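These notes are about the structure you will find just below.
What follows is calculated from the coordinates using simple rules that are stated; it is not laboratory data. Note that this is a predicted model, so its numbers are computed, not measured. Every residue, glycine as well, gets a Cβ built from its backbone with ideal geometry; the counts of neighbours run over all protein chains shown.
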Amino acid sequence: MIDINWVVFAPALSLIIAASVSLLITVFKKNTKLSAIISLIAVAVAAAFNLQLFLNRAEGVQSSFGLEYLADTPALGFNFVILIATALAILISYDYLEKRNLDQIEYYPLMLLSASGALVMVAAGGMITLILGLEIMSLAVYVLAAWKQDSPASEEAGMKYFLLGAFASAFLIYGIAMLFGATGSFNYAAIAASVSSDGFDKIFYAVLASILILVGLGFKTAMFPFHQWAPDVYTGAPMPVTAFMSMVVKTAAFAALFRIAASFLLDMPSFISQILLIMIALTMIVGNMGGLVQTSLKRMLAFSAVAHAGYLGLALFAAKTVGIQAAVWYLTAYVIMNAGAFAVLSLIVDENDQADSLDDIAGLAKTHPALATAFSIFLFSLAGFPLFAGFIGKILVFQAAIENGYVLVAIIGIITSLVAVVYYLRPVIVMYFKNTDNKITIQPSMATTIVIAVAAIVTVLLGILPGWWYGLFEMGQRIVAAG
Amino acid sequence: MIALAAYAPLIALVGALINGIFGRNLKEPLPGYIASAAVFAAFVLSVMAFFGLQGQEHGSNVQLWQYLSAGNFKLNLAFNIDHLAVIMMMIITGVGFLIHIYSIAYMHNDSGFSRYFSFLNLFIASMLILVMADSFPLMFIGWEGVGVCSFLLIGFWYGIKANADAARKAFIVNRIGDFGFLLAMFLTYKVFGTLNIADMLGHIQVARVLPAGLTAIALLYLLAAMGKSAQMPLHVWLPDAMAGPTPVSALIHAATMVTAGVYLIARIAPLFAASPSASMVVAWVGLITAFVAAFIALSQTDIKRILAYSTLSQLGYMFVALGCGAYWVAIFHVFTHAFFKALLFLTSGSVIHAMGGEQDVEKMGGLHKYMKLTSITAFIGTLAIAGVPFLSGFFSKDAILAHAFTTTLAPVALNYIAYIILLVTAVMTAFYMMRWYYLVFLGKERLSKEAKAHVHESPSLMTMPLGVLAFLSVVAGYFGLPEFLAKNQFASWLENSIEVDISFGHPPVWLEWTLILISVAAAAIGLGLAYWVYSRKKSKAMLRISNSAIAKFSQSGAGFDGFYNAGIIKPAEETAEGLALLDAEVLDTGLSSLALGVGLFAGLMRKIQTGYIRFYALAMALGFAVLVILAAFWGKLS
């Protein structure tokens, strides 16, 4: 018997319906701004449904389609992050597309569909739902990455992302099949029960399957050694799409990874954790080292996104306890400061997303003091300075790792985040202290300005009042997939 | 009603933000009025809290928010508005308000008008947070906040190098104290497992902590207090801090911020009461500071520097009271001192204003007839600090002397030594204050031509605060009359906040009266002697006491700056030069090879980052293969 609980499904459904409606409407009246507004409303409705579910969370785990589609506290937390990120990406796109003649009507529907796929991924209580959500999300993003049709870089980014993404999906699906072979189930709870039962004798297949799944999700989260696509694709794609990818795709992939880790990955023989450990340590090192040598700010943020995947990974070790709570917090902070940074860049770059080198922002503090202040706030927060959101995020993930006995990797994290200060603060120095006659022209945009202002305020507020948002997602011990 | 006072810092902060962000666009008096209104609102809230606390045994704990609770790491931000805090709040906002008003006239036509009021409001907010905090981390935020504001305001006219240097000096010397505060916090957390002040004090009585541990924590907090309250040998920044605008000297460097150290020790009084050895150190630090600073004040010639050394000396008195376990007395002296010292600074500001910036007392004299109001209020302040009966300074200073005489906290012999040193200091205090007053307001006019043309009574916006402060300097003492005369309001009020059990000897009433008469005699001798000496001296050169070595020693600030220059700053500079050489020769080579390494690694990364899809796919497959090999390898081992 299939039980369908529409309320649980409502957040994703409202995005899908809005995507269809806005496609239909824009067939008759080509107006992307209308489409954007419909999308924003859809995101707000989805957030309202999510809030409703969140307020009812005390009444036990809400689920649909058996246990394949969950709306528990972790899912609802990640949903909020994804919806916030989507709204920010839509606002950054609002004027950006029009100025560059990229305002085809399919843009926002694709973004909504991708976000709905992300919500499905987050909610997945089983492997089939996961792969379904992952593909819905990814297919739309492949198209978005190649959105700038007259730009070879953008086309290349889309193609590269598509081919490598398909390759990674193959790993993931192979892993799922193997896990099914070993345990006889697609459902996390059933897999977890099977793996930890006494008579389980297919440990070899389960381990191999775990590694395959790590490859598949490691690709989407951009973890070493499956991160290489990220700098190239992030650089080639249009700025708002880059922002969307680095926020929504990352959040969804991490949400899936956390659920898998809490369900059975951490119960595997301990060397799976050690493999994860090595991946995370190298991700932090490679991401930050890569950031160190970039001159393009967009590419620097791409490497920064890789590095932050490493920091988030630290919380995976605590996936059964405080890890998810920490990750929801970290991703919220990350999404907001990252959206802010990309929004600032989207105002500075020229028509082809070029002119984003360090020299191009020299003296920004003189010509546009408010913009320079906001950008500095985002960079300080990304670097993890106290009184900004990023600092608390780092404390939480380091604490999660240390409390679970992973001290060494936490130390690597702390050292690499010190190194990262160099490249995060370099733009600040250039903006404020470099003498130049640079005449910086920015492209005014009301929507983007709103993003920057809100993001700057929230970055500071989260840094001063972290307890509020963090406390909301208190989950206690019951975050293992419901069963 | 009490909890409302939690908004006081916020209001001041909003005032600071308004002036800080929009100040440049506001016309001149407006930023001053905005700032004053903010402080006045904070004052009203503080007074409401004061009345709310009447008849209450405990203060009100106002939860602000839980900063973060993650695992073992919990930090609640809360204000504890109790009897002690509310006294400090009323001093800060009350005196602060008067000084804001005064500043509107004093800072007239200054290009940094709105910046000044923004800083001043920020200071009030930080100082309120400091006294209201219920945990050490929150107090530390206020502690650092006032430090920053002090730095900003000392260096307010940063165009002049001496001012910027003075600001830096204040900041750096204060860092030593802040360092002590940090270490004290670490040790507190280690020993007591909490950073909440009330919890920690509760643990002292219950938990068994080694006395050595208590003493170590107490001494570290003392170091913090010495930095902020400018006790010797960390006092050197305060005389230089006079580079700031005079109202700033009155507010920050006399009435409020420098008493933060006294407040800190009174706030954690049970800790010091439990450690007699730490208390003895406190008393000696205070004694030395009180005596030496008064000695230096005898021969200074800068109108504000005399007062600065006087402040040091009075802070020393407060520390003696703390060291004797007479915590309420220390706060009582903070209370009276805030009025008469703010008054003295504001009158000297009025004089400097009238003289067009002249600060040398040798170029003043006879100003009484030009500015009667300033002169009369300054005279009241002088008498109050000198300890003339029936004025506020008399009661608080006499209480300190009496408690030093009768304390049982410190070893017996200390009582009488302390009493005698304080008595001598009291004579010196009366002397240098009378000298200050005489040289400025009485005697022969020694004004320069420009000054004489310029001299005038200050506008009413400045003289009004003087009047209010003079009134308070007269009456403030009656809240703390000696116990054998009347019920001591001040002591019984603070008993609610400072719960310590320290006994004092109860001398017979005739001895009490004798002690009081001796104090009165000390004040009379000092005042009379100074008047006698200076009314006789005619020529300018004669104004200095003499050219003896001891006078020179006094003039040089007892040689502290010279000592620091030769003993610390010079060696530090030389070491720095040596290190720079080392840096250039050795470290740079090492660093460049390190950078080369990083560069090579990054270059390698870049080489791997080819951009070819086939290569990336290969890398993924290889990565997978390596993971499987690792798993196989470890799987066999485990």
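Remark on the range B:381-467: ratio of C-alpha radius of gyration to 2.2 N^0.38 Å is 1.57.
Using the average count of surrounding beta-carbon atoms within 10 Å as a protection proxy, the listed peptides B:227-240, B:269-282 rank, highest first, as B:227-240, B:269-282. Across the range B:77-120 the C-alpha pair distances fall into 5 Å bins from zero in the proportions 5, 19, 20, 17, 13, 12, 8, 5, 1 percent. For the range B:561-637, a simple Cβ point-charge model (Lys and Arg +1, Asp and Glu -1, everything else neutral) yields a dipole of about 1080 debye relative to the Cα centre. All Cα-Cα distances of the range B:281-545, cut into 5 Å bins from zero to the largest, leave 1, 6, 14, 18, 18, 15, 11, 8, 5, 3, 1, 0, 0 percent in each bin in turn.
The distance linking the range B:482-511 with the range B:442-480 is 35 Å (Cα centroid to Cα centroid, whole angstrom).
The modelled label-to-label distance for the pair B:Ala162/A:Asp437, using points 7 Å beyond Cα in the direction of Cβ, is 4.1 nm. Under the membrane-span-like helix rule (DSSP H runs whose alpha carbons stretch at least 30 Å along the helix axis, mean Kyte-Doolittle hydropathy -0.5 or higher), chain A yields A:6-28, A:32-55, A:73-99, A:152-183, A:271-292, A:323-348, A:407-433. Between the range B:281-340 and the range A:244-287, the alpha-carbon centres lie 62 Å apart. Its residue count N fixes a reference of 2.2 N^0.38 Å for the protein assembly as shown, and the Cα radius of gyration divided by that reference is 1.10. Overall dimensions of the range A:341-483, expressed as equivalent-ellipsoid semi-axes from the Cα gyration tensor (√(5λ), whole Å, largest first), are 34, 19, 13.
When the range A:6-472 is described by a simple charge dipole with +1 on each Lys and Arg Cβ and -1 on each Asp and Glu Cβ, the residue from A:Met289, A:Ile211, A:Val422 located farthest towards its positive end is A:Val422. About its Cα centre, the dipole of chain B is roughly 1080 debye, where the only charges are +1 on Lys and Arg Cβ and -1 on Asp and Glu Cβ.
Taken along the Cα-to-beta-carbon direction at a fixed 7 Å, the label points for B:Leu622 and B:Ile141 span 5.1 nm. Only the Cβ atoms of Lys and Arg (+1) and of Asp and Glu (-1) were treated as charged; on that basis the dipole of the range B:281-545 about its Cα centre amounts to roughly 1320 debye. With the alpha-carbon atoms of the range B:416-513 aligned to their principal axes, the span from lowest to highest coordinate is 60, 33, 23 Å, starting with the largest. A dipole drawn for the range A:6-472 from +1 and -1 charges on Cβ atoms has a positive end, and of A:His227, A:Thr32, A:Ala10 the residue lying farthest that way is A:Thr32. log₁₀ I(q)/I(0) of the range A:142-250 at q = 0.14, 0.18, 0.23 Å⁻¹, via Debye over equal Cα point scatterers, no solvent, to two decimals? Evaluating at q = 0.14, 0.18, 0.23 Å⁻¹ gives log10 I(q)/I(0) of -0.62, -0.82, -1.09.
Using only the C-alpha atoms, the convex hull of the range A:6-472 corresponds to 124 Å³ per residue.
Using 0.36 nm per residue and subtracting the Cα-Cα separation, the extra length available between B:Ile569 and B:Ile518 on full extension is 14.0 nm.
The range B:194-339 gives an Rg/Rh value of 1.02, both radii derived from C-alpha positions and Rh following Kirkwood.
Highest mean packing comes first when the peptides B:516-525, B:166-175, B:595-604 are listed by Cβ atoms within 10 Å, giving B:166-175, B:516-525, B:595-604.
Mean per-residue shielding of peptide A:273-279 is 2, counting Cβ atoms of other chains within 10 Å of each Cβ. Taking every residue in A:320-327 and counting other chain Cβ atoms within 10 Å of its Cβ, the average works out to 1.
In the distance distribution for the range B:12-73, Cα-Cα pairs more than 14 Å apart total 70 percent. Convex hull of alpha carbon positions in the range B:561-637: directionally averaged projected area 10.9 nm². Look at where the Cα atoms of the range A:312-360 and of the range B:47-106 average out, and the two centres are 38 Å apart.
Partner shielding of A:160-167 amounts to 3, given as the average count of beta-carbon atoms from other chains within 10 Å of each residue beta-carbon.
Only one residue of A:Thr373, B:Ala49, B:Leu442 has its Cα farthest out toward the positive end of the dipole of the protein assembly as shown, where Lys and Arg carry +1 and Asp and Glu -1 on Cβ, and that residue is B:Leu442. Geometric descriptor of chain B, per residue, is 220 Å³ (volume of the convex hull of the Cα atoms).
Mean silhouette area of the range A:172-309, derived from the convex hull of its C-alpha atoms and averaged over all directions, reads 8.1 nm². For the range B:444-487, the normalised intensity computed at q = 0.32, 0.34 Å⁻¹ comes to -1.01, -1.07 (log10 of I(q)/I(0), Debye sum over alpha carbons, equal scatterers, no solvent). Restricted to Cα atoms, the range B:345-392 shows a radius of gyration and a Dmax of 11.6, 35 angstrom.
Highest mean packing first, where packing is the average number of other Cβ atoms within 10 Å per residue, the peptides A:102-114, B:488-500 line up as A:102-114, B:488-500. Listed by chain and number, the aspartates and glutamates placed with their C-alpha closer than 18 angstrom to that of B:Lys449 are B:Glu358, B:Asp360, B:Glu362, B:Glu457; residues fewer than eight positions away on the same chain are left out. Here are some pairs, B:Lys228/B:Lys397; A:Lys33/A:Lys366; A:Lys366/B:Lys570; B:Lys161/B:Lys444; which of them have Cα atoms lying more than 28 Å apart in this structure? From the list (B:Lys228/B:Lys397; A:Lys33/A:Lys366; A:Lys366/B:Lys570; B:Lys161/B:Lys444), the Cα-Cα distance tops 28 Å for A:Lys33/A:Lys366; A:Lys366/B:Lys570; B:Lys161/B:Lys444. Compactness of the range A:15-140 was expressed as the Cα radius of gyration divided by 2.2 N^0.38 Å, which yields 1.11.
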